[in-house]
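Okay, structure first, notes after.
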Amino acid sequence: MKEIEKLLKNKEKTQKNQKKSSFLMKISSLIDKLLFPDDIKCIFCGRDIPTFYDKPYCNECEKSLPFNNTNRCLICDMPIESEAKICDFCQNNKRFFKKAYSPFIYDGVVRQSILSYKFNNNRYLAKGFAIIIAKYIKNLKIDFITFVPMTKKKFKERSFNQSERLAEEIGKILNVKVIKTLNKIKDTGEQKVLNYKERSKNLKDAFAVMNKDLIKGKSVLLVDDVITTCATVNTCAEYLSKYSTVFVTAIARNFPTDKN
C-alpha cells in the first residue's frame, strides 16, 4: 500500500514538474519573441524590413532571388528550356499528384536559407517561406494540408521536421487544418546522391497511411522543403492518391542530375 502511495505521489510530482516546465518554455518563447522578433527581418539577409507579411525579403535580395517564373512543367513545376508544356520526367514517369508548386529555384541565397533552416535549426524561417508559398498557391482549393514525414530516428537527430513546421505555418495563413497522413516506417538514409529510379526503389514500403477516413474524397496539399526528382513526393502521393486528390508544394525546385 505504501509503495502504491509513493508511486502516486511521484506521478503527481512528475506531472506538476512537466506543467511547470511547459509553462516556463512558453514564457521563454514569448520573451524571445519580444526581444528578438522574427517577423521584421529579411529571411535571406537579415535586414529589417517593414513589409514582412506582404513580402518577407528586402528589395536588395529580391533583385537576385531565383524565382521559378519561366516556362515550367504543368505537372511538376520544373523549368523547361523549350516551349514544351510537360517535362520529359513527367512524360516518362507516372505522377500520383495532380500538380506541384515551387516558388523558387534551389540556388543562391534560397539554397543557403533552406540549408540553414534544415540543419542549423533556424525554425523561424518557416514563417517567411510559408508566406511566399501561400501567395504562390493562393488560387488552389484544398481541404487539408499534410507533410512528408520523418522516421523517429531522423526526427531525434534533427529535433524537428522541417516539412511539418512549414505545413503548420502555411495552414495558419490559409486557415486550413494540418493533419498527419503518413508515417515513415523505414529509414531510407540520404537520398541526394541517388537518381530517380534509385530513390523510388529506396522509398518502396517506407510509408504507412493514417487518417484514411478523414482524407477520403478530399483534396490534400503535401508539403516538402525541396523537390528534386519528385521521387519522395510522388511516392507519398501514391499512398495518398488511393483516398484523395493530391497536390504538392515545396519552397524550391531543384534540377535532377539525370533522367533515370
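The values are calculated or read from the model by the stated rules, or taken from the named source; none is laboratory data. Small disclaimer: the values here were computed from a predicted structure and weren't measured. Every residue, glycine as well, gets a Cβ built from its backbone with ideal geometry; the counts of neighbours run over all protein chains shown.
Things worth noting here:
- Of residues in segment 83-93 being more than 14 Å from ARG253 (Cβ to Cβ) and not small (Gly, Ala, Ser), the one surrounded by the most Cβ atoms within 10 Å (Cβ to Cβ): ASN93
- Matching residues in segment 74-131 - criterion: being of a type in the set (Gly, Ala, Ser), without any contact (Cβ under 8 Å) to a residue 60 or more places away in the chain and within 29 Å of SER159 (Cβ to Cβ): GLY108, SER116, ALA126, ALA130
- If the condition is being more than 20 Å from the chain's Cα centre (by Cα) and in a loop (DSSP other than H, G, I, E, B), then segment 72-89 contributes CYS73, LEU74, ILE80, GLU81, SER82, GLU83, ALA84, LYS85, ILE86, CYS87.
- Candidate set from segment 83-101 (those that are out of contact with any helix residue (DSSP H, G or I) (no Cβ under 8 Å at 6 or more places or on another chain) and not basic (Lys, Arg)); member that is farthest from LEU222 (Cα to Cα): GLU83
- Some residue of segment 94-101 being farther than 21 Å from THR245 by Cα, crowded, with 17+ Cβ neighbours inside 10 Å and aliphatic (A, V, I, L, M): no
- Options PHE155, PHE129; residue that is modelled with pLDDT of 95 or more and in a helix (DSSP H, G or I): PHE129
- Residue check, TYR124 surrounded by 14 or more Cβ atoms within 10 Å (Cβ to Cβ), touching an Asp or Glu at 6+ places or on another chain (Cβ under 8 Å) and modelled with pLDDT under 95: yes
- One residue stands out in segment 132-152 among those that are assigned to a helix (DSSP H, G or I) and at pLDDT 95 or above: the one that is surrounded by the most Cβ atoms within 10 Å (Cβ to Cβ), namely ILE133.
- Those residues of segment 57-71 which are under 21 Å from the mean Cα position of the chain (by Cα) and outside any loop (DSSP other than H, G, I, E, B), in sequence order: PHE67
- Among all positions in segment 176-189, there is at least one residue which is in contact (Cβ under 8 Å) with a residue 40 or more places away in the chain and under 24 Å from LYS138 (Cβ atoms).
- Elements of type helices (runs of 4 or more DSSP H) in segment 174-260, at least 2 residues being surrounded by fewer than 16 Cβ atoms within 10 Å (Cβ to Cβ) and at pLDDT below 95: 196-202
- The set of residues in segment 216-243 being under 23 Å from LYS186 (Cα atoms) and either acidic (Asp, Glu) or more than 18 Å from the chain's Cα centre (by Cα) (or both) consists of ASP224, ASP225, GLU238, SER241, LYS242, TYR243.
- Residues located in segment 47-64, provided they are surrounded by fewer than 18 Cβ atoms within 10 Å (Cβ to Cβ) and within 14 Å of VAL110 (Cβ to Cβ): GLU62, LYS63, SER64
- Per this entry, CYS236 is counted among residues that are within 15 Å of GLU164 (Cβ to Cβ) and not hydroxyl-bearing (Ser, Thr, Tyr).
- Residue match in segment 92-100 (condition: aromatic (Phe, Trp, Tyr) and farther than 22 Å from LEU174 by Cβ): yes
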